[in-house]
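The next block holds one structure in the form of structure tokens; read it before the comments.
The values are calculated or read from the model by the stated rules, or taken from the named source; none is laboratory data. Keep in mind that what you see is a predicted model, and the values were worked out from it rather than measured. Heads up, the Cβs are rebuilt from the backbone with ideal geometry, glycines too, and the neighbour counts pull from every protein chain shown.
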Amino acid sequence: MQADAKRIAPSTILLASAVLALVSMVAFMTIGAKGSWSFLLSFRGTKLLGMVLVAYAIAVSTVLFQTISGNRILTPSIIGFDAMYTLLQTIMVFFLGAAGAGSVDPRLQFLVETAVMVGLSLLLFRALFSGASRSLHLLMLVGVILGGLFRSLSSFLQRILDPNEFVVLQDRLFASFNSIDANLLGIAAVATLAVTFALWRLSPTFDVLSLGREASIGLGVDHQRVVTLLLVLIAVLVSVSTALVGPVTFFGLLVASLAWQLTPTASHRYVLPVAVCIAIATLVGGQVILERLFSFNTALSIVIEFFGGLVFIFLLVRGSAR
């Protein structure tokens, strides 16, 4: 069966995934549509744009992070983005209270959260990846340690919060695709487009980087400069998506693993767009199923994280069995 899958042309896989993503978007906009189309297009279009931006950012950042790390069970969250987001939300509720945190301008909050997460990433990259050691593995190890520190600080502050404020905080910590602020989409779209342009300029090096540091240097790639720039761009994408909807730890691993498995080539020319299409189909199609079959009785992020966690366990077991 695997041999048959290998005979499928990469362009066919890309076309099928693109059609699936398009069908899911059309279904989201049309199924159950009643009333004025001007209102529906505005209301559903805002949610759809938000989900597409998040799907794109998470899929691209995860595939590229796996490329430069040489490990397909890692995601950018290992650097501590999710833990930093949790700490920022906890600090805001702790010092401003639930009412004060809710009254903060969402655009200001979005910019501050994105700037803090990107700034932390830049400090890590400059301190650990641009020095004499130039160790990407050391960078990830420090990210894991900082993530644990951020979680410990968040847990400490949460323990002394008022119970009512703690409930509000817990609601803010779950990724939500139903309450995407339309005012933030413009900022997120501009940042995503800027990163996309920079990635397009670097795209000829992606396949070379997947060969490893020594091979890429031997083929003429300035490995340190390119990887550092990619890490910064990945940090921007992850920060934008996290600040927009909240943390989704295993979603990137889920769509990236499917893209690597389904695409019969390791070329990023096909893997990246396939991962994006799968991410869009998963988010948008999952939202359609959630709204029409389950009537919002569960959160989409919980379902996605559950299946993403299963994929993570499967990859770990399969890797240890080899």
Only one of Leu193, Leu253 is hydrophobic (A, V, I, L, M, F, W, C) and crowded, with 17+ Cβ neighbours inside 10 Å. Can you tell me which? Leu253
What are the pairs, 6+ residues apart or on separate chains, where a residue within the range 20-35 that is closer than 13 Å to Ile289 by Cβ and of a type in the set (Val, Ile, Thr) has its Cβ under 9 Å from a residue that is exposed (fewer than 14 other Cβ atoms within 10 Å of the Cβ) and at pLDDT below 85? Ile31/Arg292
For the range 1-119, list the helices (runs of 4 or more DSSP H) that sit wholly inside it and hold at least 1 residues that are under 30 Å from Asp162 (Cα atoms) and among the charged types (D, E, K, R); which are they? 81-102
Considering only the range 155-206, state which residues are out of contact with any Gly (no Cβ under 8 Å at 6 or more places or on another chain), farther than 29 Å from Leu64 by Cβ and not charged (D, E, K, R). Ser155, Phe156, Leu157, Gln158, Ile160, Leu161, Pro163, Asn164, Phe166, Val167, Leu169, Gln170
Can you go through Val227, Val221, Val232 and tell me which one is on the phi < 0 side of the Ramachandran plot, touching a helix residue (DSSP H, G or I) at 6+ places or on another chain (Cβ under 7 Å) and either of a type in the set (Ser, Thr, Tyr) or not in a helix (DSSP H, G or I) (or both)? Val221
Has the range 107-115 got at least one residue that is surrounded by 15 or more Cβ atoms within 10 Å (Cβ to Cβ), modelled with pLDDT under 85 and over 21 Å from the mean Cα position of the chain (by Cα)? no
In this structure, does Val248 turn out to be of a type in the set (A, V, I, L, M, F, W, C), within 21 Å of the chain's Cα centre (by Cα), buried (at least 23 other Cβ atoms within 10 Å of the Cβ) and not in a helix (DSSP H, G or I)? yes
